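The values are calculated or read from the model by the stated rules, or taken from the named source; none is laboratory data. Note that the coordinates shown come from a computational prediction; the quantities given were computed from them, not determined experimentally. Note that we place each Cβ from the backbone using ideal geometry, even for glycine, and neighbour counts take in every protein chain shown. Keep in mind that these areas ignore ligands, DNA and RNA; they rest on the heavy atoms of the full protein, side chains included. Shrake-Rupley method; radii C 1.70, N 1.55, O 1.52, S 1.80 Å.
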Amino acid sequence: MSFFDYLQANWPRLLDLTIQHAVLVLISVGIATPLGVALAVATYRTETPRKLVLAVAGVFLTIPSFALFGLLIAPLGLGYPPAVVALVMYGLLPIIRNTITGLRGVDPSITESALGMGMGRWRRLLRIELPLAWPVIIAGIRVATLINVGIAAIAAYVGGPGLGSQIFSGLSRIGFPVAVNLALSGTLGIVLIAIVLDAAYVALGRLTTAKGIHG
């Protein structure tokens, strides 16, 4: 069976796996984003906590994915829980780092002017600093999302949803004609998700960035 015949015969299942994969990524990024931004906001003004948070998040990103997914089986079991927790851990560093970079890159004269106008710390943060840092923040969220699109394939190792099952099924059938169709369909599906989500972030960044602010 040719690859195109395989796609035609199996597109409903492939579409379902693609949606599952995208949903898993979006859930993990949806959790990692407020958590990462909150950690960055809490530490960007003080050097030691800032370095500690970045170091811990950096360690998360260096853990081999197979090892991390495997370690999470004991406390969390199989399926969605270990997949989501692992992807949240992998997504934190770009979000934290970019949020800190964006907030620290705000012109001090702007915040001093706001202080002179009587704005408190949280009002300055919400009204001035975060909006000015937003282009850098969304770039970090974008990077975290693309990282997780690829790593989410490994979630099949712990019974997680998504296109990883296609790739693993193909690799386990090396030598059989169907192996290439299985692995290639899973891989191309992941590439397609990455392209679509990346384009969505570009559009979102343009729509949500105030005029005159450039990342």
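Yes or no: Leu192 assigned to a helix (DSSP H, G or I) and over 24 Å from Gln8 (Cα atoms)? Let's see the steps before the verdict.
Working: assigned to a helix (DSSP H, G or I): yes; over 24 Å from Gln8 (Cα atoms): no.
Considered against the rule, which asks whether it is assigned to a helix (DSSP H, G or I) and over 24 Å from Gln8 (Cα atoms), Leu192 comes out as no.
With (1) open to solvent by 20 Å² or more (accessible area, probe 1.4 Å); (2) out of contact with any Gly (no Cβ under 8 Å at 6 or more places or on another chain); (3) modelled with pLDDT under 95; (4) under 19 Å from Val29 (Cα atoms) as the list, and Ala199 as the residue in question, which single condition is left unmet?
(3)
Mind listing whichever residues of segment 11-23 are small (Gly, Ala, Ser) and loosely packed, with under 14 Cβ neighbours inside 10 Å?
none
Could you say whether any residue in segment 161-181 is touching a Leu at 6+ places or on another chain (Cβ under 7 Å), open to solvent by less than 10 Å² (accessible area, probe 1.4 Å) and part of a helix (DSSP H, G or I)?
Looking for residues that are touching a Leu at 6+ places or on another chain (Cβ under 7 Å), open to solvent by less than 10 Å² (accessible area, probe 1.4 Å) and part of a helix (DSSP H, G or I), one finds at least one in segment 161-181, hence yes.
Please enumerate the residues belonging to segment 24-46 that are part of a helix (DSSP H, G or I), open to solvent by less than 50 Å² (accessible area, probe 1.4 Å) and of a type outside the set (A, V, I, L, M, F, W, C).
Residues satisfying the conditions are Ser28, Gly30, Thr33, Gly36, Thr43.
Out of Ser169, Ser185, Ser165, which single residue is hydroxyl-bearing (Ser, Thr, Tyr) and without any contact (Cβ under 8 Å) to a residue 24 or more places away in the chain?
Details: Ser185 fails: without any contact (Cβ under 8 Å) to a residue 24 or more places away in the chain; Ser165 fails: without any contact (Cβ under 8 Å) to a residue 24 or more places away in the chain.
Being hydroxyl-bearing (Ser, Thr, Tyr) and without any contact (Cβ under 8 Å) to a residue 24 or more places away in the chain holds for just one of Ser169, Ser185, Ser165, which is Ser169.
Given segment 54-155, what helices (runs of 4 or more DSSP H) lie entirely inside it while holding 1 or more residues that are open to solvent by 20 Å² or more (accessible area, probe 1.4 Å) and either touching a residue at least 24 places away in the same chain (Cβ under 8 Å) or under 28 Å from Gly189 (Cα atoms) (or both)?
65-76, 80-104, 130-151
Report yes if Gln8 is open to solvent by less than 60 Å² (accessible area, probe 1.4 Å) and part of a helix (DSSP H, G or I), otherwise no. Before you say what the answer is, go through the steps one by one.
Values: open to solvent by less than 60 Å² (accessible area, probe 1.4 Å): no; part of a helix (DSSP H, G or I): yes.
Answer is no for this residue.
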